[in-house]
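Q: Can you keep this structure in mind? I'll have questions shortly.
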Amino acid sequence: MSSTKTDLDRDREEVMRLHTGWLDANRQRSIEMMRSVFVGGDKFIGVNINGYIYRGIEEWAKLWTGFMPTVTTLGVTESDLILYVKGDMAWTAYQGTITVAGLPRAATGLYEEQYDESKPMTAAWHGTEIFMREDEHGNPVWKMWRYHGSPALPGRSPGLDF
């Protein structure tokens, strides 16, 4: 008995490759890897876990270029991943953490109160990614079009233990 991959299986694999590529880009601080995941031009919009919005791939690349001289990524994790694919659209939702050292205070945004420049900082977030099978030129290629990272508070949400 042979197993044949369906179009949906291939689509799920490609979206997972992009999702993993985005996390790996964060682990390795690789702008090139990031560019391979995001839709190009001004079509990408990302809400970073610091609370700031970046419009277009060049704004995100500029952010990372500013980090490179001082920031060290010590770890990136994910859990509770959900992936949904239908037609030419897909989304992921997950929990993530990133631990960094050397982050400029100006880039901490929503994490500024807990930030101590003398220690590595771990930020937890809820991630949502939107993918479309279309690149910036209209070609049928899976790309991440939207990223939204919201800071996650520690522990469970209140009210879940009624």
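The values are calculated or read from the model by the stated rules, or taken from the named source; none is laboratory data. All figures in this text were calculated on a predicted structure; none of them were measured in a lab. Backbone-built Cβ (ideal geometry, glycine too); neighbour counts: all protein chains shown.
Matching residues to (1) within 16 Å of the chain's Cα centre (by Cα); (2) at positive phi; (3) modelled with pLDDT of 90 or more:
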residue: MET33; (1), (2), (3): yes, no, yes
residue: VAL39; (1), (2), (3): yes, no, yes
residue: GLU58; (1), (2), (3): yes, no, yes
residue: LEU63; (1), (2), (3): yes, no, no
residue: GLY66; (1), (2), (3): no, no, no
residue: THR70; (1), (2), (3): no, no, no
residue: ALA93; (1), (2), (3): yes, no, yes
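Q: Related question: Note down all Cβ pairs under 7 Å where the first residue falls in segment 18-33 and is farther than 14 Å from THR65 by Cβ, the second is aromatic (Phe, Trp, Tyr), and they're at least six residues apart or on different chains.
A: What qualifies is LEU18/PHE131; LEU18/TRP142.
Q: Filter the helices (runs of 4 or more DSSP H) completely within segment 1-68 down to those with at least 1 residues that are touching an Asp or Glu at 6+ places or on another chain (Cβ under 9 Å) and over 22 Å from LEU83 (Cα atoms).
A: Answer list for segment 1-68: 57-67.
Q: Kindly check whether there is at least one residue in segment 40-60 that is surrounded by 14 or more Cβ atoms within 10 Å (Cβ to Cβ), in contact with a Lys or Arg (Cβ under 6 Å, 6 or more places away or on another chain), touching a residue at least 40 places away in the same chain (Cβ under 8 Å) and under 28 Å from ASN139 (Cα atoms).
A: Yes - at least one qualifying residue is present in segment 40-60.
Q: Go through (1) assigned to a strand (DSSP E or B); (2) under 15 Å from GLU129 (Cα atoms) for THR73 and report which single condition fails.
A: So the condition that THR73 fails would be (2).
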